[in-house]
Amino acid sequence: MTKIDLRSDTVTKPVPEMREAIAQAEVGDDVYMEDHTIQKLQKTAADILGKESSLFVPSGSMGNQIAINVHTHPGDEVILDSECHIFNYEMGAMSAVSGVLPQPIETSKKYLPVPQVKKKVKPEQYYYSNTALITVENTNNRRGGTVYPSDKKEELIDFAKERNIPVHLDGARIFNASIATEKPVDKLVQGFDSVMVSLSKGLGAPVGSIIAGSNILIEKARRVRKILGGGMRQVGILGAAGLYALENHIDRLKKDHENARILARSLEDLDRTEVNEPETNIVMLTLKENSSDENEVVEKLKEKNILVGTMGPRRLRLVTHMGISEENVQEAAEAIKNILS
Ligand SMILES: *Cc1c(COP(=O)(O)O)cnc(C)c1O
């Protein structure tokens, strides 16, 4: 029986062509800045993102934390969405690594409402903490792969500029947002002082993320990466996979979005659940009160070789990616219907 793994788009494995690119990669010592493959990747990524410069980092979490460290000083505050990855899944790293405090915003919206942000910015009296950074997540994972609306982004950036507060974008899945909205990715990241994008999710590279921004920001980021132990040597091996991903795997995200819609549609008329209308590659299935326990559903699906994730009480997350075909989502939908009806 084939395994259908819908837990995350991080489970993708390198395709043979990507492995070939890895095998052929020219490498050098990247701490000495002599790895031409990484340099090519960083140049390509900066160009695609419309930023001056970019840096390859081992993970998205490290990329976010490097950016936070560069933008802040200990004792500062960071305004963010209470439903964002940085707040929920990075183990309090901003406090542990940079000595800064998160100021989460609670909202049911898929964006940070500027009036709420305004209230969280600390006044300038010396005895307050300094509001040093705002972070945005696009697409938003916990909200179900939602796209950050463009007009709301402009509004937030205008406000931040007026107050001189930098804004960081956690764009782990920004290419999904670009494909879903048919807007070029450089437009979606325009105005952000720093951006992190993942190569290891829907784009299918085995390891790595990129952070991008101004030349000065990336120079500082390189130092912080080294402090955190993220200075790597013949890392062109991974860079080649990242380059292959950027050159070949962006447009195919469309297929993942189609499969997510097919999956959501086939689960729509289940009485005991609610399903989101996926904007990108994430399907959120919420079990109604007094329905089944989410962990029980996960276990029953596992017996059928179908893997799904949970996202808090009564919530299941199903993510489509390049390892999932239309037949796979149909099979998964049938299995879920059998369990839940
Ligand atoms: C996965 C993810 C990250 C972290 O990336 P890792 O490479 O797993 O550390 C950050 N932000 C968002 C929104 C993510 O989905």
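Of the residues making up segment 198-234, those that are within 15 Å of the ligand (Cβ to nearest atom) and part of a loop (DSSP other than H, G, I, E, B) number 14. Of all residues in segment 268-283, those being in contact (Cβ under 8 Å) with a residue 60 or more places away in the chain and buried (at least 20 other Cβ atoms within 10 Å of the Cβ) number 7. Among residues of segment 148-174 being in contact with a Gly (Cβ under 9 Å, 6 or more places away or on another chain) and open to solvent by 40 Å² or more (accessible area, probe 1.4 Å), the one that is nearest to the ligand (Cβ to nearest atom) is E154.
Is segment 222-229 home to any residue that is assigned by TED's automatic domain parsing to the domain that holds D35, surrounded by 14 or more Cβ atoms within 10 Å (Cβ to Cβ) and of a type outside the set (D, E, K, R)? So far as segment 222-229 goes, yes, one or more of its residues are assigned by TED's automatic domain parsing to the domain that holds D35, surrounded by 14 or more Cβ atoms within 10 Å (Cβ to Cβ) and of a type outside the set (D, E, K, R). Once segment 47-71 is narrowed to residues that are hydrophobic (A, V, I, L, M, F, W, C) and assigned to a helix (DSSP H, G or I), the residue that is farthest from the ligand (Cβ to nearest atom) is I48.
Taken over segment 76-108, the criterion of being free of Cβ contacts under 8 Å to residues at least 12 places away in the same chain and not in a helix (DSSP H, G or I) is satisfied by M91, G92, S108.
Among the residues of segment 292-341, which ones are more than 21 Å from G144 (Cα to Cα), surrounded by 13 or more Cβ atoms within 10 Å (Cβ to Cβ) and among the polar types (S, T, N, Q)? N305 - this is the single residue of segment 292-341 that is more than 21 Å from G144 (Cα to Cα), surrounded by 13 or more Cβ atoms within 10 Å (Cβ to Cβ) and among the polar types (S, T, N, Q).
Does Q39 satisfy being in a helix (DSSP H, G or I), closer than 19 Å to G213 by Cα and within 16 Å of the ligand (Cβ to nearest atom)? Criteria not met by Q39. Of E277, E289, E296, all but one fail to be among the charged types (D, E, K, R) and part of a helix (DSSP H, G or I); the exception is E296.
The values are calculated or read from the model by the stated rules, or taken from the named source; none is laboratory data. The structure presented is a predicted model; accordingly, all values stated were derived computationally and were not measured. For neighbour counting, all protein chains shown are included, and Cβ atoms are generated from backbone atoms with ideal geometry for every residue, glycine included. Remember, those area values only see protein heavy atoms, side chains included, never the ligands or the DNA or RNA. Shrake-Rupley method; radii C 1.70, N 1.55, O 1.52, S 1.80 Å.
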